[in-house]
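Please read the structure below before turning to the comments.
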Amino acid sequence: MADVKQEDLGHPPIDQLQGLEYCVDSNPPWGEAVLLGFQHYILSLGTAVMIPSLLVPMMGGDDNDKVRVVQTLLFMGGINTLLQTLFGTRLPTVIGGSYAFIIPIMSIIRHPFLIQITDGHERFLQSMRAIQGALIVASGVQIIIGFSQLWALFSRFFSPLGMAPVVALVGFGLLDRGFPLLGQCVEIGLPMLLLFVIISQYLKRIQLRHVPVLERFSLLISVVIIWVYAHLLTAGGAYRNRPELTQVNCQTDRAHLISSAPWIKIPYPLQWGAPMFNAGHAFGMMAAVLVSTIESTGTYMAAARLASATPPPAHVLSRGIGWQGIGIMLDGLFGTGTGSTVSVENVGLLGTTKIGSRRVVQISAGFMIFFSILGKFGALFASIPFSIFAAVYCVLFALSGAVGLSFLQFTNMNSIRSLFIAGVSLFLGLSIPNYFHLYGSGPAHTRAGWFNDLINTVFSSPPTVALGVGVFLDKTLERGGAAEGDSGWRWWAKFRNFRDDYRSEEFYSLPFNLDRFFPPA
């Protein structure tokens, strides 16, 4: 029997993910870049429509109010994406609406002062102004911890072992937005899931003029085919006598976005009126900002790997969080109805297309701004049934979560200590939020509303729970040289400071030679 070579026994850990066609600072041809950017825009519509569709009716708003909130959320998503890719982490990340803010926002909507307003539109305006005030105040938390480099100091406690569950649960923690939503219209969602997997994975080697078109544009091709199929079902009367919930989930433009959207409308600051400030609302919203910070940190880690970059240095992460805080402040000024965070689904799309180019994401930001102003055209694309997005999420959230598991290659998983930390962090990161979700808005029901919002928001976030458990266990269990080696500290150390790795300048330097004025740490 021939001797087995050592290199054939396994795959050595690698700093950057291999197999991508374009990384952060390399760009595909302009024609491909525009189509890829449009694909990211289409994907961003899911969250931009779902969140207002949930919140605006609860606030007393009608279809006209909802479509204006959708337009504003997309418009600010484009602005914040440009700010983040130009001056923040510089990673190819799309910024969109965040579900982390739902609990404190619903607490504001249910405030007795607002509930007693009988006129629906007036209640919507007052609710929106209260949400704006809370967002503006709470954004200061991210701005301070980001630009003061406090988050950079805290991130130095992170190790590959502690961060693996956090990054994993950034994707896996969103499992309730996958097949459960798909199943609400299975005749559309299941064909979309199967078609997307087949085109993106099994037919990806098919090329046109040496370009793997099916791999790069699998999302766009799948969405168009299933969207046409869904429209034919709607036009053919397949849902005419079906229950209301089935019609909402399956019919194209059941949300009346196209008919309600204006032809041209430019969102502007304070369009709903002057913000109202309430200390209790602001404290509750600060908890959501903290959760958004942690979730975004995990998503930045996943984006760096799927864009074939090195892990972002501590000060780059902190810089990105600071700019995210500015984005949430702008959300409050313009009135998006929720705060913003890094879009996990768009990060997953980097992996299926194998295109991690920053320029592609900046082009998608242009589409977000353009179609949010041209209301009718933007509403046309936003009329895609939710089940189509849910089918895509089943793949993209899973891929983003798997990136977190890939960090375990830098640790010693033959150590009981490592197995304990990784296992407990993952399990509690899923189990504790599931317990809190069983209670709807959470089990904390004290007389202090802001305290309820803080507890329920923090412990409803899988990445936040995983970070707290993982970092605590990693820093307290069997500390020492062997433990540091097991956790992957020695591998991670060279990426903590900007100057320690020559590749950092290539990926994370500011444009326009701004590093002269803001030198990296």
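Observations, loosely collected:
- Condition broken by VAL211, with the remaining ones in (1) more than 19 Å from SER383 (Cβ to Cβ); (2) open to solvent by less than 40 Å² (accessible area, probe 1.4 Å); (3) of a type in the set (Val, Ile, Thr); (4) under 26 Å from the mean Cα position of the chain (by Cα) satisfied: (4)
- Apart from one condition, GLY429 fits all of (1) more than 18 Å from the chain's Cα centre (by Cα); (2) over 30 Å from LEU220 (Cβ atoms); the exception is (1).
- The residue that is most open to solvent (accessible area, probe 1.4 Å), counting only those in the range 340-390 that are farther than 27 Å from CYS250 by Cβ, in a helix (DSSP H, G or I) and of a type in the set (Lys, Arg), is ARG359.
- From the list ARG319, ARG305, the one residue that fits, being open to solvent by 10 Å² or more (accessible area, probe 1.4 Å), over 17 Å from the mean Cα position of the chain (by Cα) and either over 27 Å from SER107 (Cβ atoms) or at pLDDT below 95 (or both), is ARG319.
- Where a residue in the range 398-413 is farther than 15 Å from PRO462 by Cα and its partner, wherever it lies, is basic (Lys, Arg) and open to solvent by less than 30 Å² (accessible area, probe 1.4 Å), with Cβ under 7 Å and at least six apart: VAL403/ARG305; SER406/ARG305
- Lone qualifier among MET76, MET58 - being surrounded by fewer than 17 Cβ atoms within 10 Å (Cβ to Cβ) and at pLDDT 90 or above: MET58
- Which listed residue, of TYR393, TYR435, TYR439, is of a type in the set (Ser, Thr, Tyr), part of a helix (DSSP H, G or I) and more than 25 Å from ASN346 (Cα to Cα): TYR435
- First in the range 321-350 and closer than 28 Å to ILE388 by Cβ, second anywhere and open to solvent by 10 Å² or more (accessible area, probe 1.4 Å) and of a type in the set (Ser, Thr, Tyr), Cβ under 7 Å, 6 or more apart: SER343/SER44; SER343/THR47; ASN346/SER44
Here's the yes/no breakdown for (1) aromatic (Phe, Trp, Tyr); (2) free of Cβ contacts under 8 Å to residues at least 60 places away in the same chain; (3) in a helix (DSSP H, G or I):
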{"site": "SER431", "(1), (2), (3)": "no, yes, yes"}
{"site": "PRO443", "(1), (2), (3)": "no, yes, no"}
{"site": "ARG447", "(1), (2), (3)": "no, yes, no"}
{"site": "THR457", "(1), (2), (3)": "no, no, yes"}
{"site": "THR464", "(1), (2), (3)": "no, no, yes"}
{"site": "PHE472", "(1), (2), (3)": "yes, yes, yes"}
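- Residue identified as touching a residue at least 40 places away in the same chain (Cβ under 8 Å), in contact with a Pro (Cβ under 9 Å, 6 or more places away or on another chain) and of a type outside the set (A, V, I, L, M, F, W, C) among GLN132, GLN184, GLN126, GLN149: GLN132
- Residue match in the range 188-204 (condition: part of a helix (DSSP H, G or I), open to solvent by less than 60 Å² (accessible area, probe 1.4 Å) and more than 13 Å from ALA391 (Cα to Cα)): yes
Results for (1) among the hydrophobic types (A, V, I, L, M, F, W, C); (2) more than 28 Å from GLY351 (Cα to Cα), shown as yes or no for each residue.
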site: GLU32; (1), (2): no, no
site: LEU43; (1), (2): yes, no
site: MET58; (1), (2): yes, yes
site: VAL69; (1), (2): yes, yes
site: MET76; (1), (2): yes, no
site: THR81; (1), (2): no, no
site: PRO92; (1), (2): no, no
site: GLY96; (1), (2): no, no
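- Pairs, first without any contact (Cβ under 8 Å) to a residue 60 or more places away in the chain and farther than 15 Å from LEU125 by Cβ in the range 46-71, second open to solvent by less than 20 Å² (accessible area, probe 1.4 Å) and polar (S, T, N, Q), C-beta under 8 Å, six or more apart: none
- Any hit, the range 17-27, residues being open to solvent by 30 Å² or more (accessible area, probe 1.4 Å), farther than 24 Å from VAL403 by Cβ and among the aliphatic types (A, V, I, L, M): no
- When ALA483 is tested against (1) over 26 Å from PHE397 (Cβ atoms); (2) part of a helix (DSSP H, G or I); (3) open to solvent by 30 Å² or more (accessible area, probe 1.4 Å), only condition (3) is not met.
- Within the range 396-429, the set of residues being outside any helix (DSSP H, G or I) and open to solvent by 40 Å² or more (accessible area, probe 1.4 Å) comprises ASN412, MET413, ASN414.
- SER159 among the hydroxyl-bearing types (Ser, Thr, Tyr), modelled with pLDDT under 95, buried (at least 19 other Cβ atoms within 10 Å of the Cβ) and closer than 23 Å to LEU467 by Cβ: yes
- Count - residues of the range 499-516 that are part of a helix (DSSP H, G or I) and either open to solvent by 10 Å² or more (accessible area, probe 1.4 Å) or charged (D, E, K, R) (or both): 11
- Screening PHE472 against (1) at pLDDT 90 or above; (2) in contact with a Pro (Cβ under 7 Å, 6 or more places away or on another chain) leaves a single unmet condition, (2).
- The condition (being touching a His at 6+ places or on another chain (Cβ under 8 Å), more than 15 Å from GLY332 (Cβ to Cβ), β-branched (Val, Ile, Thr) and surrounded by 24 or more Cβ atoms within 10 Å (Cβ to Cβ)) is satisfied by just one residue among VAL94, VAL167: VAL94.
- Candidate set from the range 274-302 (those that are polar (S, T, N, Q) and either at pLDDT 95 or above or assigned to a helix (DSSP H, G or I) (or both)); member that is nearest to GLU21 (Cα to Cα): THR299
The values are calculated or read from the model by the stated rules, or taken from the named source; none is laboratory data. Please read all numbers here as calculations on a predicted model, not as lab measurements. FYI the Cβ positions are ideal-geometry reconstructions off the backbone, even for glycines, and counts take in every protein chain you see. Protein only, heavy atoms only, side chains kept; ligands, DNA and RNA dropped before computing areas. Shrake-Rupley method; radii C 1.70, N 1.55, O 1.52, S 1.80 Å.
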